[in-house]
Structure formats: C-alpha cells, structure tokens
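Here's the structure, in structure tokens; my notes come after.
The values are calculated or read from the model by the stated rules, or taken from the named source; none is laboratory data. The model shown is predicted, which means the values in this text are computed figures rather than measured ones. Cβ: placed from backbone, ideal geometry, glycine included. Neighbour counts: every protein chain shown. Side chains are part of the model used for accessible areas, which takes the heavy atoms of the whole protein and leaves out ligands, DNA and RNA. Shrake-Rupley method; radii C 1.70, N 1.55, O 1.52, S 1.80 Å.
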Amino acid sequence: MTVSPQASFQARPWPVVRNAVIGTLNLHRRHTVYGFGEVDVTRALDLIAQYRRDLRIAVSFHAFVAHCLTRALQKHPIMHTFRHGRQLIRFDDIDVSTAIDRRMPNGMQMAVGYTLRAAQTKSLAALNWELRKATNVDLALHDLVKLRRRIARMPAILRDIIAWRIRRNPHLLKRFHGTVGLTNLQSPGLPQSFQALPPNIFTYTMAICGLTERDGRKILCLSGGADHAIVDGLPLSRFAATLNGLLESAAGLDDSFLAETRRLIAADEESAR
C-alpha cells in the first residue's frame, strides 16, 4: 500500500477568544422551536436613508429592529420570561444581547458581543447612538468582556461547568449576556432573501436575515427561535403580529428621533472641543 503525500495546508493557532463563542453556543436551549416570516420595511428604509442625508451620520437599521423588538417584548412579556427551578422569572429590564462586527488586534474580523442594557428605557435615537459609539470604542476594556476572556482561557471542563450554571440560572444569564437575543446576518452585496436558524440561549432569539426587493417593495426576512418550554404557539404568533406592525410602520423613526439625534450630535461636538 502506498501512502499518498500529505496535502499542502496552512496552520495557525486556535484563537482563544473563540472559546467564548463555544461557551455561548453551549447555552442553546434544547426545546427551541423556530419560525420564519417576511415583513415590508420599505417605509423604514426610506426614512433611514432620508435621515442619514439630513443628519450626515449613520442611522442603524440594526438599532431600529432592536427598538421594535423591545417594544414588542414589552407588550408580550412571556417572551422574556425564564424558568428558574419552580418559578417563572421576568426581569423588569429588557437587555438585548447582540453583536458588533469588529477587527481584532491580530487582524481577524469577528463579531463581538454587546448588550443593550435596559433597552425599554431608551428611545430609538438613544439606541442608535449607543451602537454608533460602541463600534468606535475598545470593548475589550469593559469589565464583563474581560471576565468572558478570562473564562475563555480556562480549561474546557471549567468552561463547561460555568456554561451549565449560566444555562440553569437566569440571573447569571442576564449578567453575562442579557434577556433576549438579536443577531444580524445581513451583509453588503447579498441582496437576496434567506433565512437562518439562530442559536437560542434565551427564551427568544431573533435573526435579521435576507433583504430583497419585490414588486418595488423592500422585504425583510426574519427568523426566530423560542423556548417551547416557556412559550406556546398562540402567544408567539401574537408577539410576531405586534413586531411586524412596529417594523412596517417604521416605529420610532419620526421627528422626535431627528430632534434627539441632533441634540446628541451637538453634545458630542461640544465635549470634543
């Protein structure tokens, strides 16, 4: 028997930060069920494009969806309720766990976890400004990010024990990640419809999927995973109807958004002087 020569390849060290991603994936809820849908976001995208021209700064579609998601969750609190032993726990704050695309010091591009804390207390302008600021600061300086990275450097057995504890304790889950998930899978140069099955570590996680044009309308694909141990089909469908209504009506994209954003820009310029 002849042994074929080894195929050529390149090797590089495993990025330790990826252990943090695996730790999060280990929190996935096994009773998750998925749903898919489409929503007309023509009005919202037209207003975002107009406001970008008027304000001369980025207006985040991601922030807009987070705002609508938060408002829908306020009307349907079962979607951010957790089981803890023999109790059902619902936190007063809605902490939206999402990700920001960042370039690491080694040049690798990867998503960095970021949590919009107490999102229900913030306007769309405030959420948009927060995400804008977060993309321009070193998130590695945050205490929680430092803690996650310390855990990522631990042996696998310790990381598994920590993940097991977080999965069973919603208070720890809120501290490390938040109370609801939002992932954005859109990418420039990919103008077509597609859906995805996002890992779900909460009672509900939503994915912003493909965006396409159809008959002159801009259609957004959305998918969501819900913990069926907590949420049944009818409450989930009522939540989806509320969310779709907020997205289609461009909730939050109004004169107050413009006025508040202008105040934030002025305050930022004043502090930079």
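Modelled spin labels at residue 34 and residue 9, positioned 7 Å past Cα toward Cβ, are 2.9 nm from each other.
The portion of the accessible surface of the range 13-139 made up by carbon and sulfur, rounded to a whole percent, is 51 (1.4 Å probe; DNA, RNA and ligands excluded).
For the chain, what does the relative contact order come out to in percent, with C-alpha contacts under 8 Å and a separation of six or more?
30
When the charge dipole of the range 143-263 is built from unit charges on Cβ atoms (+1 for Lys and Arg, -1 for Asp and Glu) and taken about the Cα centre, the candidate among 155, 166, 222 whose Cα reaches farthest toward its positive end is 155. Listed peptides 33-40, 151-158 appear in the order 33-40, 151-158 once ranked by packing, highest mean of other Cβ atoms within 10 Å at the front. With the charge dipole of the chain set up from +1 on Lys and Arg Cβ and -1 on Asp and Glu Cβ about the Cα centre, the Cα lying farthest toward the positive end among the listed residues 72, 96, 259 is that of 96.
If you count only protein heavy atoms with a 1.4 Å probe, what accessible area per residue comes out for the chain, rounded to a whole Å²?
Values: 15310 Å² over 273 residues.
For the chain, the solvent-accessible area averages 56 Å² per residue.
Please list 6-15, 118-127, 59-68, 206-215 highest first by mean number of surrounding beta-carbon atoms within 10 Å per residue. Write down the numbers at each step before the final one.
Details: 6-15: 6.5, 118-127: 19.0, 59-68: 23.6, 206-215: 17.4.
Final packing ranking: 59-68, 118-127, 206-215, 6-15.
Relative to the longest principal axis of the chain, what angle (0 to 90°, nearest 10) does the C-alpha long axis of helix 143-152 take? It works out to around 30 degrees. Expressed as a whole percent, the accessible area of the range 196-266 that falls on carbon and sulfur atoms is 55 (1.4 Å probe).
Mean projection of the Cα convex hull over all viewing directions, computed for the chain: 20.0 nm².
Please report, in debye to the nearest 20, how large the charge dipole of the chain is about its Cα centre when each Lys and Arg carries +1 at its beta carbon and each Asp and Glu carries -1 there.
Values: 37 positive and 23 negative charges, 238 e Å.
So the magnitude is around 1140 debye.
For every helix of n ≥ 4 consecutive DSSP H residues, a contribution of -39,500 (n - 2.57) applies; sum these over the chain, divide by its total residues, and give [θ] at 222 nm rounded to the nearest 500 deg cm²/dmol.
Working: 9 runs with 112 residues, N = 273.
Counting only the DSSP helices, I get -13000 deg cm²/dmol.
Cα centroid separation, the range 1-55 to the range 201-242: 17 Å. Shape of the range 168-273 from the C-alpha gyration tensor: oblate (a/c of 1.5 or more and a/b not above b/c, with a ≥ b ≥ c the square roots of its eigenvalues).
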